[in-house]
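Accompanying notes for the structure given below.
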Amino acid sequence: MHVLPQQPSAKGPAEMFTGDVYFDIICKGEEPSRLRANTVRFAPGARTAWHCHAVGQTLHVTEGIGLVQVRGGGVLEMRPGDTVYTPPGEWHWHGAAPAHFMTHLALWEAPAPDADVPESEWGEHVTDAEYNAH
Ligand code: MN
């Protein structure tokens, strides 16, 4: 075994996020594991852009109040203790509620090495109109 020292928090890039989002890598999975786990912290109003994950993703809210939406669905609220699963290829976004910080764990896997697909696909930013449809 080995202990991995904590790394600096990384700012979520503006191409993929609206507002202030920081993530801490918990694990990247060492081969043959494909596990990925991050703690992600969103400031009020901050959210991901629309995106999907090749092997799906599990979110687990640890703090605050969050919002999540699947393409074509309504904006749903998520709270500490809630777990949200998005299946492979399902387009969605997640973020903080307008007046609350939100922290979630993000758990996902890289695709199998022989699957010639990107780990995640990223699309357009979530507009204020989409975000405020809550
Ligand atoms: Mn996601």
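Remarks
- Comparison of 98, 111, 118 shows that the only residue that is touching a Pro at 6+ places or on another chain (Cβ under 9 Å), under 20 Å from residue 36 (Cβ atoms) and open to solvent by 70 Å² or more (accessible area, probe 1.4 Å) is 118.
- Residue in the stretch 24-38 that is nearest to the ligand (Cβ to nearest atom), counting only those that are open to solvent by 40 Å² or more (accessible area, probe 1.4 Å) and in contact (Cβ under 8 Å) with a residue 40 or more places away in the chain: 36
- Residues located in the stretch 49-97, provided they are touching a Leu at 6+ places or on another chain (Cβ under 6 Å) and either aromatic (Phe, Trp, Tyr) or closer than 19 Å to residue 110 by Cα (or both): 58, 60, 84
- Strands (runs of 3 or more DSSP E) enclosed by the stretch 39-134 - at least 1 residues per element that are charged (D, E, K, R), within 15 Å of the ligand (Cβ to nearest atom) and in contact with a Cys (Cβ under 7 Å, 6 or more places away or on another chain): 120-122
- Residues that are open to solvent by 80 Å² or more (accessible area, probe 1.4 Å) and not hydrophobic (A, V, I, L, M, F, W, C) were ranked within the stretch 3-19; the one that is nearest to residue 129 (Cα to Cα) is 15.
The values are calculated or read from the model by the stated rules, or taken from the named source; none is laboratory data. Computed from a predicted model, the values in this text were never measured in an experiment. FYI the Cβ positions are ideal-geometry reconstructions off the backbone, even for glycines, and counts take in every protein chain you see. These area figures cover heavy atoms from the full protein model, side chains too; ligands, DNA and RNA do not enter into them. Shrake-Rupley method; radii C 1.70, N 1.55, O 1.52, S 1.80 Å.
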